[in-house]
Amino acid sequence: MNSVSNNRTILRQEFKKELQGYYQMNGLKNGSPIEGTIYPPDIAPNDQVALEKRVDDLSSFLAAKDGITFRATPEFGKGRIEDRAEVAAAASGWVKASSRVALQTATSMIGNPAIQAMVNEGLKGADAEFFTAPSSKSGMFHPADEINEGGLALHTARVVQMGEHLGEFFGLNPSEKDNLRAGLVLHDSVKGGAPWQGYSNEHGELAGQFISGLNGPADAKAVAAQIANNHMALWRQKADGTPNPAVPDNKMDMIASLSDYLAARDNIYVDAPGMDKTAAPISTPEDRMKPQTYTGTTKNRNQEFPRGMEITMDKEDLHVVVNGNTYTGKISDPEIKDGYLSYAGFEGKDGKNELDGMSVKANFWLLTGAKGGKVVLTKGTDTADYFVRPPQA
């Protein structure tokens with residue numbers, strides 16, 4: 001009983017921290033371009049007392065729910081990457097085996113047969129990669145078990161389950177709950193774009209368009225499409241990656257955004273009906289985080305910077321090869337800033353050091369085998385940008 005009580009206390013603290021971050025309370029930032037405290041549509045702007053009560057009440061409500069557990073994720077530079085690899089490997093068998101079952105179970109929760117048929121039509125029409133892709137493009141965020149094949153489907157089932165909890169908290173009626181379920185099941189159905197290419201900044205809008213073309217009740221379809229279209233909310237972007245945020249301005253969008261956000265916290269693991277964790281692992285930690293190598297050059301530089309380089313991102317080390325010499329640096333900042341990890345302290349083997357006094361920033365998604373990205377060398381006030389890609393076979 002004590003361990004259960006302790007987990008609920010920790011969960012309450014974690015939910016409170018995450019909700020405060022979502023609403024940017026007390027000067028916190030959540031990574032969106034929106035400034036200041038963000039108020040939900042059912043709380044008057046600047047009513048700090050009401051917002052604090054909402055955070056307290058919702059944190060306590062969610063922490064009391066069964067099937068939600070807390071597992072701390074280390075920071076970058078303090079074992080985060082290795083820890084996520086271990087969690088992912090341990091879950092690799094059951095995620096692949098049961099994620100699609102959990103997604104179908106989530107769909108079966110829709111009580112209205114016509115709406116359920118609409119969602120099943122959407123699942124049949126979704127790209128096959130929707131059922132096999134991991135849940136985040138970098139593998140550095142979301143619960144670590146979602147790095148696996150089937151991770152996006154598992155994430156979706158978890159979002160639906162979080163929607164069940166929030167639907168209860170906010171008092172949705174049966175019709176509203178079915179509409180919410182429909183939108184959440186399909187909210188990431190076009191995450192890889194149309195055609196699927198790995199990730200689309202406009203995947204919410206694309207999912208909304210996809211739902212609008214399905215057969216089903218007009219009112220349910222409109223709400224489900226709206227939910228999918230707006231689920232990125234504060235973090236919504238245009239196709240070119242420029243910000244296009246939208247604070248949820250109605251109850252359904254508010255609940256959908258919160259469901260997606262809370263189910264994606266990397267310290268919070270939500271059980272969903274249909275999950276079966278008995279299957280044995282089918283990968284190892286080493287499989288999950290193999291070192292990734294890239295090469296690239298720069299067009300604009302002063303003579304202190306090398307013309308080209310090869311980099312290998314090896315967990316929390318970065319190996320840089322310049323003119324045949326290899327230098328190794330370590331993560332110097334435990335936070336990702338503007339999409340980059342920072343490395344410093346580069347040392348070579350022969351005493352010579354062409355990177356002496358330099359720091360390096362690398363797009364963090366290069367850690368997991370991206371098709372390319374940017375590396376920035378800095379020395380004093382001077383910088384050089386390198387656009388790197390995997391070596392040609």
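What follows draws every value from the coordinates through simple rules; no lab data is involved. Only a predicted model underlies this, so the values are computations on that prediction, with no experimental measurement involved. As a convention, Cβ positions derive from the backbone with ideal geometry for all residues, glycine included, and neighbour counts pool all protein chains shown.
Toward the positive end of the charge dipole of the chain, with +1 on the Cβ of Lys and Arg and -1 on the Cβ of Asp and Glu, the farthest Cα among VAL101, ASN325, SER138 is that of ASN325. Once Lys and Arg get +1 and Asp and Glu get -1 on their Cβ, which of TYR343, ALA280, MET25 lies farthest toward the positive end of the dipole of the chain? With unit charges placed on the Cβ atoms, the residue in question is TYR343.
The modelled label-to-label distance for the pair ASN300/ASP219, using points 7 Å beyond Cα in the direction of Cβ, is 5.7 nm.
Comparing ARG307, ARG100, ARG288 in a Gaussian network model of the chain where C-alpha atoms under 10 Å apart are linked, the largest mean-square fluctuation is found at ARG307.
When the GluC sites (Glu not before Pro) in the range 291-393 are filtered for DSSP coil states and for at most 16 other beta-carbon atoms within 10 Å of their beta-carbon, the remaining sites are GLU304, GLU335, GLU354.
Its Cα gyration tensor gives the chain an equivalent ellipsoid, and the semi-axes of that ellipsoid, as √(5λ) in whole Å with the largest first, are 39, 23, 22. Using +1 at the C-beta of Lys and Arg and -1 at the C-beta of Asp and Glu, which of ALA63, VAL49, ALA128 has the Cα lying farthest in the positive direction of the dipole of the range 1-158? Result: ALA63.
Taking R0 as 45 Å, what's the FRET efficiency between ILE43 and GLN104 from their Cβ-Cβ distance, rounded to 0.05? E between ILE43 and GLN104, to the nearest 0.05, is 0.80. What is the Cα centroid distance between the range 37-61 and the range 272-316, reported in whole angstrom? Here the answer is 40 Å between Cα centres. If I build a Gaussian network model for the chain, linking alpha-carbon pairs within less than 10 angstrom, which residue out of ALA370, ALA153, ALA264 has the largest mean-square fluctuation? Result for the chain, Cα springs under 10 Å: ALA370 fluctuates most. Long hydrophobic helices in the chain: the complete DSSP H runs spanning 24 Å or more by Cα along their own axis with mean Kyte-Doolittle hydropathy of at least 0.0 are 151-169. Using r as the Cβ-Cβ distance of LYS379 and THR312, and R0 as 35 Å, what FRET efficiency do you calculate, to the nearest 0.05? Once the sixth-power term is evaluated, E becomes 0.95.
Among GLN161, GLN226, GLN197, the largest mean-square fluctuation in a Gaussian network model of the chain (Cα springs under 10 Å) belongs to GLN197. Helical runs assigned H by DSSP (4 residues or longer) give the chain a calculated mean residue ellipticity at 222 nm of -12500 deg cm²/dmol, each run adding -39500 (n - 2.57) before division by the residue total.
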